Structures are given as C-alpha cells and as structure tokens.
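The values are calculated or read from the model by the stated rules, or taken from the named source; none is laboratory data. Remember, predicted model here, so these are calculated numbers, not experimental data. Positions of Cβ are backbone-derived with ideal geometry, glycine not excepted, and every protein chain shown enters the neighbour counts.
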Amino acid sequence: QLQLVESGGGLVQPGGSLRLSCTASGFNLANYGIGWFRQAPGKEREGVVCISSSDGSTVYDRTVEGRFTVSRDNTENTVYLQMNTLKAEDTAVYYCAADRLGWCGGSPDLTTVMGKIWGQGTLVTVSS
C-alpha cells in the first residue's frame with residue numbers, strides 16, 4: 001500500500017543532465033523525511049541528499065552539492081532530483097526512501113526512525 005516509484009534514469013553523456021522523480025502512493029510525502037541514495041557497481045549504497053521530516057532542511061553529499069538539486073511538488077506527491085553536470089562516477093542505481101520521522105543529522109543519509117519505505121530504483125549510466 002505504501003509505495004515509492006522512481007523514474008527518469010537512463011543513459012547520458014558526461015556533462016549532461018537528468019531529472020529523477022520519486023512519486024509516493026498511499027501516504028503524503030510532505031509529512032516524511034526523504035532520502036535519495038545511490039549504489040554503484042561493487043560499492044556500498046551511499047546517501048546523495050536528505051530532507052529532514054521536521055523542517056525540510058536538506059543535506060547533500062559533498063560529491064554532488066552544486067550539481068544536484070532536490071525539490072518537491074506536494075500537489076503531485078513527488079520529489080525530484082535534478083542532476084546536472086553528470087560525471088561517470090555518478091553512474092549508479094538511484095533509490096528514494098521515506099521515513100515518517102526521518103532526519104539528516106548533518107549527513108546525506110536519511111536516518112531510519114519509523115521504518116523506511118523504498119522505491120525500486122532507477123539506473124543512471126553516465127558514459128561516452
């Protein structure tokens with residue numbers, strides 16, 4: 001019943017842009033902490049950006065700050081990740097997650113409090 005669905009991944013050349021979407025059903029994303037995570041081949045999952053449930057403050061990973069921007073459209077119950085100036089090292093499966101009381105704590109990793117709802121992931125490949 002509680003679902004997140006990511007979309008927008010694909011193949012893009014270095015320097016290009018993509019916008020990922022994460023749409024919720026069964027709950028209101030506006031009331032949740034949100035995290036975008038990514039997992040590159042052979043590497044651990046890492047936080048990309050976190051939005052705290054309390055005040056909506058954001059924390060970006062240092063590798064993406066200045067290139068990626070997270071935003072919300074509450075009418076669409078969707079969060080977006082605008083990714084610009086993409087690099088090969090951005091190649092990964094990108095996941096969104098939501099936790100009712102999730103917070104960032106100065107880290108781009110959304111903290112699990114009530115239990116994360118995860119999307120299925122969308123693959124971003126940055127290659128020439």
Query raised in the report: Just to be sure, is GLY33 modelled with pLDDT of 95 or more, among the small types (Gly, Ala, Ser) and under 14 Å from the mean Cα position of the chain (by Cα)?
Result: yes
Report summary line: Here, strands (runs of 3 or more DSSP E) confined to the range 1-113 with at least 1 residues that are buried (at least 19 other Cβ atoms within 10 Å of the Cβ) are 3-7, 18-25, 33-39, 46-51, 58-60, 68-73, 78-83, 92-99
Query raised in the report: Mind checking whether some residue in the range 77-96 is over 18 Å from GLY10 (Cβ atoms) and free of Cβ contacts under 8 Å to residues at least 24 places away in the same chain?
Result: no
